[in-house]
Amino acid sequence: MRTGLYSRYARRYARLVTMPTTAPNALSDVTASDSTLRRFLHGLPGVDAVGLEARAASLGTRSIKTTAKAYAIDLAISMVDLTTLEGADTPGKVRALGAKAVRPDPTDRTTPATAAVCVYPDMVATAKEAVAGSAVKVASVATAFPAGRAPIAVKLADVREAVAAGADEIDMVIDRGAFLAGNYMKVYDEITAVKEACGTSARLKVIFETGELSTYDNIRRASWLGMLAGADFIKTSTGKVAVNATPANTLLMLEAVRDFRAQTGVQVGVKPAGGIRTSKDAVKFLVLVNETAGEDWLDNHWFRFGASSLLNDLLMQRQKLATGRYSGPDYVTVD
Amino acid sequence: MSDRLNVLKTYKLYVGGKFPRSESGRVYEVTDAKGKWLANAPLASRKDARDAVVAARKAFGGWSGATAYNRGQILYRVAEMLEGRRDQYVREVAEAEGLSKAKAGEQVDAAIDRWVWYAGWTDKIAQVVGGGNPVAGPFFNLSSPEPTGVVAVLAPRKSSFLGLVSVIAPVIATGNTAVVVASETSPLPALSLGEVLATSDLPGGVVNILSGRTAEIAAPLAAHQDVNAIDLAGADEALAKELEIAAADNLKRVLRPQPVDNWAATSGTDRMTAFLETKTVWHPTGSLGASGSAY
């Protein structure tokens with residue numbers, strides 16, 4: 001199947017099945033109070049850690065070759081949120097990143113554009129300018145990324161600034177301290193407040209920082225909490241801690257969005273971020289998506305990779321498929 | 001009296017300082033000069049070649065950036081380690097090339113001496129092929145040799161150890177990193193060399209050793225966009241032509257196979273200079289004073 005055709009079809013289809021992301025009736029009473037929310041989250045079935053990791057590992061052994069590989073690489077490129085989140089980010093670097101997002105491989109115009117560029121709020125305007133006239137979105141991290149340790153008023157101001165500057169997507173971090181202390185309602189209220197601040201123009205991605213949640217059970221609870229609060233996307237991590245996206249925790253979140261849609265009819269996207277550096281890894285994640293959530297998620301409206309160095313590896317693999325020769329880092333940009 | 005069970009050695013590739021089996025899981029039978037089975041060697045695939053190039057590229061910055069003196073010390077350390085395992089190499093070379101113990105011993109001694117010789121060259125080659133150039137202007141004009149990068153080396157087919165050392169040592173002495181394709185018929189001394197390199201302070205990835213069908217592994221290396229040069233010592237005429245054509249795509253430096261009768265003869269600096277680039281820097285000396293000189 002040709003990529004362009006397919007993703008166009010999927011995007012159109014997606015709109016038809018998607019309902020507005022408000023708390024659905026079936027689950028509306030669970031967020032009525034702190035205790036009902038706690039009862040619901042702790043009532044979620046426990047995660048079989050060994051089974052989960054074994055399942056993720058076994059799905060990682062699929063052999064994806066030739067035309068399927070070419071399709072997977074193009075799909076993966078179109079799902080990349082090209083990210084730069086460093087203290088040393090300059091307007092020049094953001095502009096270069098924007099140019100790369102719009103046209104990842106200038107030597108091959110059939111290469112799809114990436115999904116978005118992901119920057120800090122103060123760089124949104126620069127990024128917006130850099131991708132103007134293309135379909136590439138601008139995502140901005142907000143809410144005192146990456147720690148999230150700031151008063152709620154500061155977090156909301158952070159979000160409003162980013163949205164006002166033109167961000168199409170907001171990546172917020174949850175308050176892990178409150179979550180781990182069992183203060184679920186506080187986390188819920190924060191997410192709903194941020195969702196409100198996003199308004200109708202920006203989609204909200206909720207980052208759980210799975211590396212800090214310590215158990216799979218917690219990741220499952222956080223996923224449901226995020227979705228109940230109205231997240232458009234759930235995202236594994238900030239990329240700033242030791243453990244980032246792994247196949248196992250992404251599989252767990254994919255199961256959560258699948259079950260959530262089955263119960264409520266609302267589709268939520270998934271974004272693994274951090275630590276995905278090779279095409280091989282990216283293709284493994286796509287296999288997870290297809291086998292767990294299903295084909296509906298195989299589109300950059302519903303699945304993203306938060307990455308920076310991954311794109312270069314995808315481009316080198318793409319060049320290898322096109323020419324038959326192994327490519328090298330001399331033939332992609334240095335970011 | 002009980003006979004001991006034979007402890008057979010599993011020969012493995014040497015890539016990135018580690019000893020992996022071939023990614024393909026394949027092996028092939030290696031025989032001695034008379035056709036008697038010696039061991040199974042890994043039959044490397046093009047993906048092993050790709051992984052080796054990645055490892056070599058990763059090691060290049062550190063190795064080329066090390067001081068020439070430090071590289072010399074490390075190469076001398078390799079010679080020391082070889083000396084300690086002389087008996088093993090004598091046996092392997094004797095079996096591989098059908099030589100007597102004495103003749104094989106001569107080969108191994110010559111190989112160790114060759115290694116020491118190149119170890120001495122690391123901090124001297126710059127004086128020989130670089131230097132200050134006289135120019136008509138107020139400039140210091142300095143040329144210095146710089147390593148080419150990742151070099152693919154097809155080891156000689158016949159001389160399994162002395163020939164091998166004579167092509168690897170000059171490549172890495174100047175700061176290049178190497179992906180070596182061992183002799184197809186007698187790869188065992190080369191695979192054992194990996195064990196010496198791994199224990200002599202040589203950073204992992206500086207030398208990567210693959211065994212298998214030369215034509216199969218060399219083709220992707222010659223076409224690889226991230227390999228900067230290729231030494232065709234172990235290719236026959238037809239293969240060398242084919243590889244040189246593939247290598248032209250990214251303008252690799254190509255060292256054509258030389259007719260070598262006797263690897264024991266020293267080759268001079270040719271094998272080092274074949275994989276060097278010359279960097280020339282113009283440095284202003286400042287304006288000339290009234291007296292005609294700024295100093």
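The values are calculated or read from the model by the stated rules, or taken from the named source; none is laboratory data. Here the structure is a predicted model, which is why all the values come from computation and not from measurement. Backbone-built Cβ (ideal geometry, glycine too); neighbour counts: all protein chains shown. Heavy atoms of the whole protein, side chains included, go into the accessibility calculation; ligands, DNA and RNA do not. Shrake-Rupley method; radii C 1.70, N 1.55, O 1.52, S 1.80 Å.
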So residue A:230, is it away from chain B (no Cβ under 14 Å) and either over 18 Å from the mean Cα position of the chain (by Cα) or surrounded by 22 or more Cβ atoms within 10 Å (Cβ to Cβ) (or both): no
Can you report the number of residues in segment B:26-62 which are in a loop (DSSP other than H, G, I, E, B) and either under 23 Å from residue B:127 (Cβ atoms) or within 14 Å of chain A (Cβ to nearest Cβ) (or both)? 1
Of (1) surrounded by 24 or more Cβ atoms within 10 Å (Cβ to Cβ); (2) at pLDDT below 95; (3) hydrophobic (A, V, I, L, M, F, W, C), residue A:332 satisfies all except one. Which? (1)
Criterion violated by residue B:282 - all others in (1) at pLDDT below 90; (2) open to solvent by 40 Å² or more (accessible area, probe 1.4 Å) satisfied: (1)
Single residue of segment B:264-278 satisfying the filter (polar (S, T, N, Q) and closer than 20 Å to residue B:162 by Cβ) that is surrounded by the fewest Cβ atoms within 10 Å (Cβ to Cβ): B:266
Among the residues of segment B:13-56, the number that are within 23 Å of residue B:159 (Cβ to Cβ) and open to solvent by 60 Å² or more (accessible area, probe 1.4 Å) is 6
Contacts under 7 angstrom Cβ, first residue in segment A:211-234 being more than 18 Å from residue A:301 (Cα to Cα), partner polar (S, T, N, Q) and not in a loop (DSSP other than H, G, I, E, B), 6 or more apart: A:219/A:210; A:219/A:249; A:228/A:31; A:229/A:192
Check A:90, A:31 and return the single one that is at pLDDT 95 or above, among the hydroxyl-bearing types (Ser, Thr, Tyr) and over 24 Å from residue A:287 (Cα atoms). A:90
Qualifying residue in segment B:120-134 (condition: in contact (Cβ under 8 Å) with a residue 12 or more places away in the chain and at positive phi): yes
Anything in segment B:230-241 that is open to solvent by 10 Å² or more (accessible area, probe 1.4 Å) and either within 14 Å of chain A (Cβ to nearest Cβ) or part of a loop (DSSP other than H, G, I, E, B) (or both)? List them, or say none. B:233, B:236
So for segment B:11-24 (the condition being of a type outside the set (Ser, Thr, Tyr), under 30 Å from residue B:124 (Cβ atoms) and in contact (Cβ under 8 Å) with a residue 40 or more places away in the chain), does at least one residue qualify? yes
With criteria (1) over 30 Å from residue A:100 (Cα atoms); (2) touching a residue at least 24 places away in the same chain (Cβ under 8 Å), residue A:161 comes up short on (1)
Can you name the number of the only condition in (1) open to solvent by less than 40 Å² (accessible area, probe 1.4 Å); (2) within 22 Å of residue A:122 (Cα to Cα) that residue A:154 fails? (1)
Scan segment A:42-51 and give yes if some residue there is open to solvent by less than 40 Å² (accessible area, probe 1.4 Å) and closer than 27 Å to residue A:139 by Cβ, otherwise no. no
Quick check: is even one residue across segment A:282-301 crowded, with 22+ Cβ neighbours inside 10 Å, outside any helix (DSSP H, G or I), under 13 Å from the mean Cα position of the chain (by Cα) and of a type in the set (A, V, I, L, M, F, W, C)? no
Flagged in segment B:206-226 as crowded, with 21+ Cβ neighbours inside 10 Å and away from chain A (no Cβ under 14 Å), in numbering order, are B:206, B:207, B:208, B:209, B:210, B:211, B:212, B:214
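Yes/no per residue for (1) within 14 Å of chain A (Cβ to nearest Cβ); (2) in contact with a Gly (Cβ under 9 Å, 6 or more places away or on another chain):
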| residue | (1), (2) |
| --- | --- |
| B:133 | no, no |
| B:141 | no, yes |
| B:154 | no, yes |
| B:167 | no, yes |
| B:182 | no, yes |
| B:194 | no, no |
| B:202 | no, yes |
| B:228 | yes, yes |
Test for residue A:261: is it within 14 Å of chain B (Cβ to nearest Cβ) and either over 21 Å from residue A:224 (Cα atoms) or in a helix (DSSP H, G or I) (or both): no
Odd one out for residue A:133 among (1) surrounded by fewer than 16 Cβ atoms within 10 Å (Cβ to Cβ); (2) on the phi < 0 side of the Ramachandran plot: (2)
Does residue B:97 qualify as being modelled with pLDDT under 95 and either away from chain A (no Cβ under 14 Å) or open to solvent by 10 Å² or more (accessible area, probe 1.4 Å) (or both)? yes
Checking residue A:270 against (1) crowded, with 18+ Cβ neighbours inside 10 Å; (2) away from every other protein chain (no Cβ under 14 Å); (3) assigned to a helix (DSSP H, G or I), the condition it does not meet: (3)
Which listed residue, of A:277, A:318, A:304, is surrounded by 20 or more Cβ atoms within 10 Å (Cβ to Cβ), touching a residue at least 24 places away in the same chain (Cβ under 8 Å) and within 14 Å of chain B (Cβ to nearest Cβ): A:318
Away from chain A (no Cβ under 14 Å) and either of a type in the set (Gly, Ala, Ser) or buried (at least 22 other Cβ atoms within 10 Å of the Cβ) (or both): is that true of residue B:78 in this structure? yes
Taking the options A:311, A:251, name whichever one is away from chain B (no Cβ under 14 Å), farther than 15 Å from residue A:74 by Cβ and either surrounded by 20 or more Cβ atoms within 10 Å (Cβ to Cβ) or of a type in the set (Asp, Glu) (or both). A:251
Would you be able to tell me the number of residues in segment B:245-259 that are more than 14 Å from every other protein chain (Cβ to nearest Cβ) and open to solvent by less than 60 Å² (accessible area, probe 1.4 Å)? 3
